[in-house]
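The values are calculated or read from the model by the stated rules, or taken from the named source; none is laboratory data. Here the structure is a predicted model, which is why all the values come from computation and not from measurement. Cβ atoms come from the backbone with ideal geometry, glycine included; neighbour counts cover every protein chain shown.
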């Protein structure tokens with residue numbers, strides 16, 4: 001039995017795989033901002049999912065940049081309380097199993113390139129638009145070589161334009177079109193935003209960033225994921241036509 005979980009900017013998603021070939025039982029809860037409470041929540045849910053059985057291995061995706069040895073977060077604007085903490089060590093202690101840490105978007109992209117929309121493609125770009133914007137480049141079913149990870153949400157697409165996440169006047173991609181940015185711009189959760197102009201704005205700046213992704217990464221396919229893409233106003237057909 002294997003344990004899989006995703007520590008995102010908003011939610012903690014956990015699941016088990018009994019065979020290693022499919023995801024079985026799944027639980028989604030709000031992510032604790034406190035590191036110790038977060039580890040305790042992970043252990044509690046993991047024990048409930050396993051029914052007391054030991055895990056063969058554990059894989060954790062987390063929203064942020066990991067250190068070169070992949071033992072802890074070194075940067076994450078959305079889960080600051082977890083930065084610098086001995087995440088791998090504490091998880092292995094709590095779960096009594098080997099833990100593998102990876103950036104959440106890297107794992108999402110790897111899944112899409114291996115089993116999902118990109119399974120027949122050699123070069124796949126995966127962009128996740130949620131609390132922030134993450135992404136990765138997958139080549140031949142492997143996360144592409146990199147030195148400090150992929151952080152497309154921090155590319156500058158409109159230099160000097162007011163954005164809604166710090167730094168506020170740099171014009172970074174996730175400061176303009178992420179779920180958090182839209183919430184701050186319109187004063188409500190993105191799922192409550194009804195104005196057509198708001199979604200025209202979101203698609204416009206999403207396309208600006210995707211244009212850069214195409215030019216820099218030269219993918220055969222871009223897969224869009226993340227919570228914001230679940231909103232019916234984020235029409236893939238409209239995004240594709242503008243791109």
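All but one of (1) assigned to a loop (DSSP other than H, G, I, E, B); (2) out of contact with any helix residue (DSSP H, G or I) (no Cβ under 8 Å at 6 or more places or on another chain) hold for residue 121; state the number of the condition that does not hold. Condition not satisfied by residue 121: (2). Restricting to the stretch 12-31, what's the tally of residues that are modelled with pLDDT under 90 and within 16 Å of residue 44 (Cα to Cα)? Here the count works out to 1.
Quick grid of which residues meet (1) at pLDDT 95 or above; (2) part of a helix (DSSP H, G or I):
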position: 53; (1), (2): no, no
position: 77; (1), (2): no, no
position: 92; (1), (2): yes, yes
position: 97; (1), (2): yes, no
position: 110; (1), (2): yes, yes
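Exactly one residue among 135, 175 is touching a residue at least 60 places away in the same chain (Cβ under 8 Å), under 20 Å from residue 203 (Cα atoms), in contact with a helix residue (DSSP H, G or I) (Cβ under 9 Å, 6 or more places away or on another chain) and surrounded by 16 or more Cβ atoms within 10 Å (Cβ to Cβ), and that residue is 135. Inside the stretch 190-243, residues that are over 15 Å from residue 129 (Cβ atoms) and surrounded by fewer than 12 Cβ atoms within 10 Å (Cβ to Cβ) make up a count of 10. The set of residues from the stretch 1-27 being out of contact with any helix residue (DSSP H, G or I) (no Cβ under 6 Å at 6 or more places or on another chain) and surrounded by fewer than 14 Cβ atoms within 10 Å (Cβ to Cβ) comprises 18, 19, 20, 21, 22, 23, 24, 26. As for the stretch 182-196, it holds no residue that is modelled with pLDDT of 95 or more and either outside the structural domain of residue 129 (by TED's automatic domain parsing) or touching a strand residue (DSSP E or B) at 6+ places or on another chain (Cβ under 6 Å) (or both). Listed by first and then second residue, the pairs linking a residue in the stretch 81-109 that is touching a residue at least 60 places away in the same chain (Cβ under 8 Å) to a residue that is crowded, with 16+ Cβ neighbours inside 10 Å and assigned to a helix (DSSP H, G or I), with Cβ atoms under 7 Å apart and 6 or more places separating them unless they lie on different chains, are 82/35; 82/38; 95/43; 95/46. In the stretch 32-51, the qualifying residues are those that are farther than 19 Å from residue 97 by Cα and assigned to a loop (DSSP other than H, G, I, E, B), and the one that is modelled with the highest pLDDT is 34. Remark: residue 63 falls outside the filter, which requires a residue to be touching a helix residue (DSSP H, G or I) at 6+ places or on another chain (Cβ under 9 Å), buried (at least 16 other Cβ atoms within 10 Å of the Cβ) and at pLDDT 95 or above. Every test in (1) in contact (Cβ under 8 Å) with a residue 12 or more places away in the chain; (2) exposed (fewer than 12 other Cβ atoms within 10 Å of the Cβ); (3) within 21 Å of the chain's Cα centre (by Cα) is passed by residue 159 save one, and that test is (3).
Looking only at residues of the stretch 66-76 that are surrounded by fewer than 19 Cβ atoms within 10 Å (Cβ to Cβ) and in contact (Cβ under 8 Å) with a residue 12 or more places away in the chain, we find that the one that is farthest from residue 36 (Cα to Cα) is 70. Quickly run through the stretch 136-174 and pick out the residues that are at pLDDT 95 or above and at positive phi. Of everything in the stretch 136-174, those that are at pLDDT 95 or above and at positive phi turn out to be 140, 141. When you check residue 85 against the structure, is it in a helix (DSSP H, G or I) and at pLDDT 90 or above, yes or no? Judged against the criteria, residue 85 is not a match.
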